Amino acid sequence: MKKWLSLFVVALFVLVLSACTATKDAGEAPSTEKEGDKGETGTETEATPTEKVLYLNNGNEPTSFDPSVGFDAVSWNALNNLMEGLVRLSKDHLAEPATAEKIDVSDDGLTYTFTIREDAKWSNGDPVLASDFVYGWLHMLNPETASPAAFLAYFIEGAEAYNSGTGTADAVAIKAVQDKVFEVKLNTPTEAFLNIITNPSFFPVNEKVATENSAWFADAETFVGNGPFKLVDWKHDVSFTFAKNENYWDASTVKLDKVEWAMINDSNTEYQMYQTGELDTSAVPSELAESLMNSPELKNEDQAGLYFYRFNVSMEPFTNKKIRQAFAYAVNQQEMVDFVTKNGEKPAEGFVPYGFIGPDGKEFRETAGKLVGFDADKAKALLAEGMKEEGYTVLPEVTLTYSTSDTHKKIAEALQSKFKEVLDVDVALQNVEASVFATEQKEFKYQLSRSSFLFDYADPVNALESFITGSSMNRTTWSNAEYDKLITDIKNETDQSKRWEMLIEADALLMEEMPVFPIHYYNQVALEKPSVSDIVRHPVGYLDLKWADKN
């Protein structure tokens, strides 16, 4: 999923929009009693238990249930419950053993050996083997698969060469040592490795099934998974149904009997179905966001990502650091979330958002502190100093570019107003269609432009590495040797405490140099019926129903 925010933005971890073909009574919880015959004494027969069925909306047809291809929210949320990797994110969002029961790491941090559980089985009863992981990972890296997730595996020895067509599958350093032992060798120690492989792209694929039927993932009748649920019905573009997977190694933890997923990509329809009981969760329609913010049924949880703006440091006046800082300090992030976006977001105070817990058990953002925020006096002073350094008597014209969207427009207009109010700078606005915008931003055609980022895996380096020299994700032309070295050192550091300190240092350096400035952190806002509990929405990751329950 590269970090192209436009790719998923807010839809990524929220239960994507919703459902349609259910009947009027489809979502009503079945009665826990059945009306039985009455005996002579007039007492009713004993109530019979009923199925626990959760009603959700997936918004759209999944792109693919091939885990190497379905690299988006409408595929991931379902796949994360139909399949499982070597590790899984816990309720507390930490990578923990899953299909693998034991993980051994070599002293140099380069070799990981996973022992797969003896009771790990596929939904068809086949044992999950180390060779299934080899098959699945090589399928992802195969150039012919054209997996958008393949870059995530480049830390594995030989992976990038094979994916780019300059190496072979045999040279990729993954192997089945034994039927239940899987080994991986990395190019460099990668502290984030276990978090990275929670991504569905690293799920196994049943080799026997896939070699017999290359389209095994396309229909419920042929789909084989190894997760908490199994796919029992799939009416394409209409709905799909999960049932509890009795062959799952931890089936005793799974409380739901079924999950019924609808597909309606209309937030108002979804909300109406939620109101009538046809859905157990719903996204919040934008026009109702303000009025529903205090609803007792509203869940507002962190999502690891942020909305921000990029400076092109090769274009005047943003070649000057102090002028970049002046524009950043002129922005009032708190006002932006209170009066512009109005969706319960947290104002951004650094580039790395909430949702990352350090080795000390504390939030990254809390430890790193507030690195940017509204300061009108500071902004004015920095602008004056920067203009003096550049010899400007008049600031060069500034154009702010955003992609077509009502929200992007509102934020752009609010920024334009604030730059005038604080800096007395007239900023022109330019609206560009999304497809053109993405291409031209990568070509460095914009002076000041909107952007966003959602994390691919649960480690701050995933965002921070975007700004190293030459990164395709940089899109600012900014280059800093100190920053480049810091990111390299972070990737090689195996001491968790030292590495965390370096991550905090990198966040601070990025905000000091200011090639970008943040607006707000993303969140996941959803309505959820009181009868539902323990749906886990990971800040980085995917909807998890393993622990979900419904009364």
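The values are calculated or read from the model by the stated rules, or taken from the named source; none is laboratory data. Treat the numbers as computed from the prediction; the structure is a model and nothing was measured. Glycine gets a Cβ as well: all are built from the backbone with ideal geometry, and neighbour counts include every protein chain shown. For the accessible areas, the whole protein counts, side chains as well, though only heavy atoms, and no ligand, DNA or RNA atoms are used. Shrake-Rupley method; radii C 1.70, N 1.55, O 1.52, S 1.80 Å.
Per residue, the convex hull spanned by the Cα atoms of region 296-370 amounts to 126 cubic angstrom.
What shape does region 345-421 take by its C-alpha gyration tensor, where a ≥ b ≥ c are the square roots of the eigenvalues and a/c under 1.5 counts as rounded, a/b above b/c as prolate, and the rest as oblate?
Working: a/c = 2.95, a/b = 1.51, b/c = 1.96.
Verdict is oblate for region 345-421.
Using the rule -39500 (n - 2.57) for each DSSP H run of four or more residues, divided by the residues of the chain, the 222 nm mean residue ellipticity is -7500 deg cm²/dmol.
For the pair residue 108 and residue 407, label points projected 7 Å from Cα toward Cβ lie 4.6 nm apart. Return the lysines within reach of residue 175: Cα separation strictly under 26 angstrom, same-chain partners fewer than 8 residues apart disregarded; answer none if there are no such residues. Leaving aside lysines fewer than 8 places away in the same chain, those within reach of residue 175 are 102, 121, 185, 208, 491. Straight-line cross-link reach from residue 418 at under 20 Å between alpha-carbon atoms covers these lysines, not counting any fewer than eight positions away in the same chain: 321, 322, 342, 346, 378, 380, 409, 410. Annotation: peptides 210-220, 329-339, ranked by per-residue average of other Cβ atoms within 10 Å with the highest first, follow the order 329-339, 210-220.
Cα extents for region 260-390 along the principal axes, largest to smallest and rounded to whole angstrom: 63, 37, 27. Rolling a 1.4 Å probe over the protein heavy atoms of the chain, with every protein chain left in place, gives an accessible area that is 47 percent carbon and sulfur. Note on region 320-448: Cα-Cα pairs beyond 27 Å make up 29% of the total pair count. Volume of the convex hull of the chain (Cα atoms only), normalised per residue: 164 Å³. About its Cα centre, region 305-346 has a charge dipole of approximately 180 debye under the convention of +1 per Lys or Arg Cβ and -1 per Asp or Glu Cβ, with nothing else charged.
Taken over region 130-257, the ratio of Cα radius of gyration to 2.2 N^0.38 Å equals 1.17. Taking all protein chains as shown and a probe of 1.4 angstrom, residue 274 keeps an accessible surface of around 10 Å².
Write down the accessible area per residue of the chain in Å², having rolled a 1.4 Å probe over the full set of protein chains.
On the way: 22610 Å² over 551 residues.
The answer is 41 Å² per residue.
Between residue 215 and residue 232, the distance separating the two model label sites (each 7 Å from Cα on the Cα→Cβ line) works out to 2.5 nm. Packing order of peptides 454-467, 133-146, highest average first: 454-467, 133-146 (average count of other Cβ atoms within 10 Å over each peptide's residues).
What does the convex hull of the alpha-carbon atoms of region 450-551 project to on average, in nm²? List each step's numbers first, then the result.
Numbers: hull surface 34.8 nm².
Orientation-averaged projected area of the Cα hull: 8.7 nm².
Full extension of the chain between residue 292 and residue 533 yields a length gain of 84.8 nm, computed as 0.36 nm times the residue separation minus the alpha carbon distance.
On the beta carbon distance between residue 505 and residue 549, with R0 = 60 Å, the FRET formula returns roughly 0.90. Label 7 Å along Cα→Cβ of residue 300; region 343-361 residues with amide nitrogen under 11 Å? Within reach of a label on residue 300: 343-347.
Going from the alpha-carbon gyration tensor of region 87-180, what semi-axes, largest first and in whole Å, does one get by taking the root of 5 times each eigenvalue? Don't jump to the answer; show the numbers that get you there.
On the way: eigenvalues 111, 55, 41 Å².
Value: 24, 17, 14 Å, ordered largest first.
Surface calculation, 1.4 Å probe, protein heavy atoms: residue 389 sits at approximately 110 Å² accessible.
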